[in-house]
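Chemist: Here it is, the structure in full.
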Amino acid sequence: MTKFDPALRSLAGAVALGLLSTACIITSSGDDDNGDASDGNPAETGLPETTGGPADTGETDGPPGNCSSNLVLDPGFEGGTPNPSWTESSALFGTPICDAACTDEPGAAPYAGSWWVWMGGASEEDIMNGGSESASVSQTVTIDPDAAYLSFRFQIRSGAGTGDDAFTVTLDGDTVFMATDLEMSDYSDYTYVEVDVSPWADGGTYDLVFNGTQVGPGLTSFYLDEVSLVSCSDDTGTSSGSSDGQDGTAGTFGDSSSGTGDAGSTGDTGTTGGGSGSSSG
Ligand SMILES: [Ca+2]
């Protein structure tokens, strides 16, 4: 099934939807709250969604500390589909992992390589017939202590502008990032997103899931590529230095005991003095 990526048509669509936008936004605001509540994710007690906002600066610096190599297998989806590293699902298309064969739309492309994840992109007819599109890619990751950072390239190629279509990233169901089709202006091109996921850096194993839903007829498309997850120790050098310090302290105490013994022999000197006094008497 060919996907639709109406980068050009979305302009006309936005104008048409603009006629209804006021009512839609009010309605979708309520829907969005209900959706969050129904998810029941404890994520709302974790990282705020704004943590994962666009991060155009410092992207080449990388996370602080001593970090692992990428924990994500096939981070650029270049394994294609069926993918050996990612579990894929799509209600209408079978998989969201795409290459050029997915579309004839000009400009629909990966950030890097030949493959990327394209969530949404269903035509109005597809949505009318299928009800909605929900797609995901996921894999299991083990995140070592003490800190961890998830990053990826994300674009909202086209958006319905209703707020009903959403892209979410979860770790064992906890939402660590979310964007809706209302945020096209923030992600109009592939944007580097980095999320501090240190609360999950405890040596445990988690399901990392990227999910995109398209429930309205507004032709929303979410693009994803170049995923990275690294775990970072606070500072391995300081940690080992602390252990050495403790060993050193124990050795110092041993030296002090020897010193005390030497002090006792000083008393022998006093005995010598006594002998001197006896001489004067
Ligand atoms: Ca790629």
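Every read-out reported here was derived from the displayed coordinates using simple, explicitly stated rules and does not represent laboratory data. Just so you know, these numbers come straight off a predicted model, no measurement behind them. Counting neighbours? That spans all protein chains shown, and the Cβs are built from the backbone with ideal geometry, glycine included.
Chemist: Suppose we keep just the alpha-carbon trace of the stretch 83-207; what are its Rg and Dmax in angstrom?
Modeler: Calculated on Cα positions, Rg and Dmax stand at 15.5, 48 Å.
Chemist: Mind checking the full-extension length gain between ASP172 and GLU124? Use 0.36 nm per residue of separation minus the Cα-Cα distance, one decimal, nm.
Modeler: 14.1 nm
Chemist: Using 7 Å Cα-to-Cβ label points, what is the ALA91/THR140 separation (nm, one decimal)?
Modeler: 2.8 nm
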